[in-house]
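Structure record follows, encoded as structure tokens.
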Amino acid sequence: MPRKSSVNDQQLIESIQELYGPEITSGDLKGFCASRGLNYQTVSNKLSHHKIGRGKWNLEITQDKVEEIERSFQSVAVLPEHHQNLIPDKDDTFVKFGNFADIKRIIQSRLFYPTFITGLSGNGKTFSVEQACAQLKREMIRVNVTIETDEDDLIGGFRLVNGETAWHNGPVIEALERGAILLLDEIDLASNKILCLQSVLEGKGVFLKKIGRFVKPASGFNVIATANTKGKGSDDGRFIGTNVLNEAFLERFPVTFEQPYPASSVEIRILQGIAATLGLTEIDDFCKKLCDWGDIIRKTFYDGGIEEIISTRRLVHIIRAYAIFGDKAKAIQVCTNRFDDETKTAFLELYDKVDADFVMPSTESVEVLELTIEGGKEVPF
């Protein structure tokens, strides 16, 4: 029969910590009580101020401490997060294509339905989600995932503010509490630390073990992830740094959309819209030829003829470069310089065939820009 405890609360806590550490479970506590002949219910009542969940205790955190941390967090921000407007701005140059209608429908439903969008670089995956939220006036929080992204970056952690330690919510918690769309951008760059989101992807919220608080998702919360791969790594080596994601993690996304590049007719409208915002006129023919050029390159890429591709984003870069330099040949050249010499030359020669008026830039002439700094000294850039 369990005997009455003859130790005070502090001695009891120290004895338990010595055996099991600061975080214990009901199984740990039952084992401790059985070994000491103590009543489980009596001991668990003594630890009520340390309870952080069902059958879980943290012996280093008291309820008073949790309340103190929460009060300190609330007093930190000059502008509390929930007062900020996180609805993306509408972009007048946006042209809907591909999976946009389906993505918008998922967001509009306000149902919890994690969505995975995969596709090659620069084809509007992130932009589509952003503009769907803008049109529906839904808040969106974007997280740019890298291999360094960890639980502290996503969920939150303690920060030093004015010499004091305070809890700061991460973007996941903000999205959960606001019922916002959480956009995990470039998710395939993540390490296994992303598994801290397992319960979030089940729609069950998350337990903040550091402060003993459970956060439930507000109505309308959803998770959308974008990636260049399907979470299985990059076989051709084009997307260095992408990782093979945990199968259980990927399985929590019920639907995957494959985002294509826009059709040539759509892409022309995109470039024309960008040109109009830059004050460019009479370049519809240039826009069409750029899109024809990009389309030929992509078909050759898909057939295995080349290893590089011209994205929609790259065509937009060319239009912007033309607005700056006023020279079509130079705009194309500076925007294809990122490729190796062989690929760049092949791209330029191909455009020469698409546009009869195009003059191939000389590969021998190198333009040296000079910057005049204070004192009149000129430094080559």
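Quick check, is Phe257 closer than 29 Å to Ala225 by Cβ, surrounded by 18 or more Cβ atoms within 10 Å (Cβ to Cβ) and touching a strand residue (DSSP E or B) at 6+ places or on another chain (Cβ under 8 Å)?
Taking the combined requirement at face value, the residue satisfies it.
Pairs under 7 Å by beta carbon, first residue free of Cβ contacts under 8 Å to residues at least 60 places away in the same chain in the stretch 212-229, partner assigned to a strand (DSSP E or B) and crowded, with 21+ Cβ neighbours inside 10 Å, six or more apart or different chains?
These pairs meet every condition: Val215/Val206.
Tell me which residues, restricted to the stretch 101-116, are charged (D, E, K, R), part of a helix (DSSP H, G or I) and over 13 Å from Glu130 (Cα atoms). Steps first, answer last, please.
Taking the stretch 101-116 as the starting set, the residues that turn out to be charged (D, E, K, R) are 102, 104-105, 110.
Imposing the further condition that a residue be part of a helix (DSSP H, G or I) reduces the set to 102, 104-105.
Scanning the stretch 101-116 gives Asp102, Arg105.
Would you check if Glu251 is free of Cβ contacts under 8 Å to residues at least 12 places away in the same chain and within 19 Å of the chain's Cα centre (by Cα)?
Taking the combined requirement at face value, the residue satisfies it.
Condition test on Glu282, is it within 18 Å of Arg320 (Cβ to Cβ), surrounded by fewer than 17 Cβ atoms within 10 Å (Cβ to Cβ) and either at pLDDT below 95 or of a type in the set (D, E, K, R) (or both)?
So Glu282 passes the test.
Sort through Ala218, Ala225 and tell me the only one that's in a strand (DSSP E or B) and in contact with a helix residue (DSSP H, G or I) (Cβ under 8 Å, 6 or more places away or on another chain).
The match here is Ala225.
Being touching a Gly at 6+ places or on another chain (Cβ under 8 Å) and either outside any loop (DSSP other than H, G, I, E, B) or not small (Gly, Ala, Ser) (or both) narrows it down to one residue among Thr126, Thr93; which is it?
Sole residue among the options that is touching a Gly at 6+ places or on another chain (Cβ under 8 Å) and either outside any loop (DSSP other than H, G, I, E, B) or not small (Gly, Ala, Ser) (or both): Thr93.
Return the only residue of Ser128, Ser109 being among the small types (Gly, Ala, Ser), touching a residue at least 60 places away in the same chain (Cβ under 8 Å) and in the same structural domain as Asn243 (by TED's automatic domain parsing).
The match here is Ser128.
Applying the selection to the stretch 289-310, what residues are touching a residue at least 60 places away in the same chain (Cβ under 8 Å) and either charged (D, E, K, R) or surrounded by fewer than 17 Cβ atoms within 10 Å (Cβ to Cβ) (or both)?
Lys289, Asp292, Glu307, listed by residue number.
How many residues does the stretch 37-63 contain that are surrounded by fewer than 13 Cβ atoms within 10 Å (Cβ to Cβ) and either on the phi > 0 side of the Ramachandran plot or touching an Asp or Glu at 6+ places or on another chain (Cβ under 7 Å) (or both)?
Of the residues in the stretch 37-63, 1 are surrounded by fewer than 13 Cβ atoms within 10 Å (Cβ to Cβ) and either on the phi > 0 side of the Ramachandran plot or touching an Asp or Glu at 6+ places or on another chain (Cβ under 7 Å) (or both).
Being surrounded by 18 or more Cβ atoms within 10 Å (Cβ to Cβ) and in contact with a Ser or Thr (Cβ under 6 Å, 6 or more places away or on another chain) is the filter here; which residues of the stretch 211-238 pass it?
Within the stretch 211-238, Ile224, Thr226, Ala227, Asn228, Thr229 meet the criteria.
What residue, among those in the stretch 86-140 that are within 23 Å of Glu202 (Cα to Cα) and aromatic (Phe, Trp, Tyr), is nearest to the chain's Cα centre (by Cα)?
Phe116
Being touching a residue at least 60 places away in the same chain (Cβ under 8 Å) and either out of contact with any helix residue (DSSP H, G or I) (no Cβ under 7 Å at 6 or more places or on another chain) or of a type in the set (Ser, Thr, Tyr) (or both) is the requirement here; does Phe116 meet it?
On the way: touching a residue at least 60 places away in the same chain (Cβ under 8 Å): yes; either out of contact with any helix residue (DSSP H, G or I) (no Cβ under 7 Å at 6 or more places or on another chain) or of a type in the set (Ser, Thr, Tyr) (or both): yes.
Yes: the conditions hold for Phe116.
Test of understanding: among Leu195, Leu183, Leu160, Leu201, which residue is surrounded by fewer than 18 Cβ atoms within 10 Å (Cβ to Cβ) and under 17 Å from Phe116 (Cα atoms)?
Of the residues listed, the single one that is surrounded by fewer than 18 Cβ atoms within 10 Å (Cβ to Cβ) and under 17 Å from Phe116 (Cα atoms) is Leu195.
Would you mind stating whether Phe221 is over 24 Å from Cys133 (Cα atoms) and either modelled with pLDDT under 95 or not basic (Lys, Arg) (or both)?
no
Select from the stretch 297-313 the residues that are in contact with a helix residue (DSSP H, G or I) (Cβ under 7 Å, 6 or more places away or on another chain) and of a type outside the set (A, V, I, L, M) and write down the one among them that is nearest to Leu348 (Cα to Cα).
Glu308
When only residues in the stretch 15-35 that are more than 26 Å from Leu208 (Cβ to Cβ) and without any contact (Cβ under 8 Å) to a residue 12 or more places away in the chain count, which is surrounded by the most Cβ atoms within 10 Å (Cβ to Cβ)?
Within the stretch 15-35, the match that is surrounded by the most Cβ atoms within 10 Å (Cβ to Cβ) is Gly31.
Condition (residue is more than 27 Å from Gly220 (Cβ to Cβ) and either hydrophobic (A, V, I, L, M, F, W, C) or out of contact with any helix residue (DSSP H, G or I) (no Cβ under 9 Å at 6 or more places or on another chain) (or both)) applied to the stretch 181-188: is it met by at least one residue? Break it down stepwise before answering.
Filtering the stretch 181-188 down to residues more than 27 Å from Gly220 (Cβ to Cβ) leaves none.
No, the stretch 181-188 has no match at all.
Regarding Phe249, is this residue closer than 30 Å to Glu23 by Cβ and out of contact with any strand residue (DSSP E or B) (no Cβ under 9 Å at 6 or more places or on another chain)? Don't jump to the end; show me each part of the working.
Values: closer than 30 Å to Glu23 by Cβ: yes; out of contact with any strand residue (DSSP E or B) (no Cβ under 9 Å at 6 or more places or on another chain): yes.
Answer is yes for this residue.
The values are calculated or read from the model by the stated rules, or taken from the named source; none is laboratory data. All figures in this text were calculated on a predicted structure; none of them were measured in a lab. All Cβ positions, even for glycine, are placed from backbone atoms using ideal geometry, and neighbour counts span all protein chains on display.
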